Amino acid sequence: MKDALKPGIESEFKFHIPESKLVPALYPESAEFQEMPEVFATGYMVGFLEWACIKAINPYLDWPSEQTVGTHIDVSHIAATPAGFEVTAKVRLMVVDGRRLLFEVEAHDGMELISRGKHERFIINKAKFDAKMKEKISIKGSEDNTVP
């Protein structure tokens, strides 16, 4: 983490909404989702807001050995957006507390505000994180192979 990573960093990120980011595409195996409106899915919107935060702070990290992971999100999804629209995320880093980062986020689809809220991320060491996940997988694999 570089010393310049301080509260007040702001960024704007734009994304053109393709059909692959609509509700029916979120879980293709879900019959219920297949019947829902063809609009920007909340799950994809959350990912888009995370992406905007990542892009905002990556210049302040020792990327890619240092990365961030999302740990909490509290956002509204107050307006529907069809495919073909460009969505703009505006993010502002509000808190830097050690490795904990807290952002204010919002998204607009060119017609209206579609989301507003807060998002928390933690700075990780990618190698250490990957090692923990490898260990977790190994433990789970050992448990799955245990005969009762």
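Every number in this text was worked out from the coordinates using simple rules, so none of it is lab data. Note that the structure is a prediction, hence the values are computed from the model and not measured. Every residue, glycine as well, gets a Cβ built from its backbone with ideal geometry; the counts of neighbours run over all protein chains shown.
Below are the figures for this structure:
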item	result
Number of positions in region 92-145 that are closer than 23 Å to Asp3 by Cβ and among the polar types (S, T, N, Q)	1
Among residues of region 16-43, those that are in contact with a Leu (Cβ under 7 Å, 6 or more places away or on another chain) and surrounded by 17 or more Cβ atoms within 10 Å (Cβ to Cβ), counted	3
Residue in region 62-88 that is farthest from the chain's Cα centre (by Cα), counting only those that are among the hydroxyl-bearing types (Ser, Thr, Tyr) and more than 28 Å from Lys126 (Cβ to Cβ)	Thr81
Region 89-101: number of residues that are part of a strand (DSSP E or B) and over 14 Å from the mean Cα position of the chain (by Cα)	7
Selection within region 54-90 - in contact with a Lys or Arg (Cβ under 6 Å, 6 or more places away or on another chain) and surrounded by 15 or more Cβ atoms within 10 Å (Cβ to Cβ)	Tyr60, Gln67, Thr68, Gly70, Thr88
Answer residue from region 107-148, given it is of a type in the set (Val, Ile, Thr) and not in a strand (DSSP E or B) and is farthest from Lys55 (Cα to Cα) among those	Val147
Residue that is surrounded by the most Cβ atoms within 10 Å (Cβ to Cβ) [pool: residues in region 108-126 that are more than 13 Å from Val46 (Cβ to Cβ) and acidic (Asp, Glu)]	Asp109
Helices (runs of 4 or more DSSP H) wholly inside region 1-73 that include at least 1 residues being touching a Ser or Thr at 6+ places or on another chain (Cβ under 7 Å) and among the small types (Gly, Ala, Ser)	42-57
Residue match in region 125-144 (condition: β-branched (Val, Ile, Thr) and in contact with a strand residue (DSSP E or B) (Cβ under 8 Å, 6 or more places away or on another chain))	no
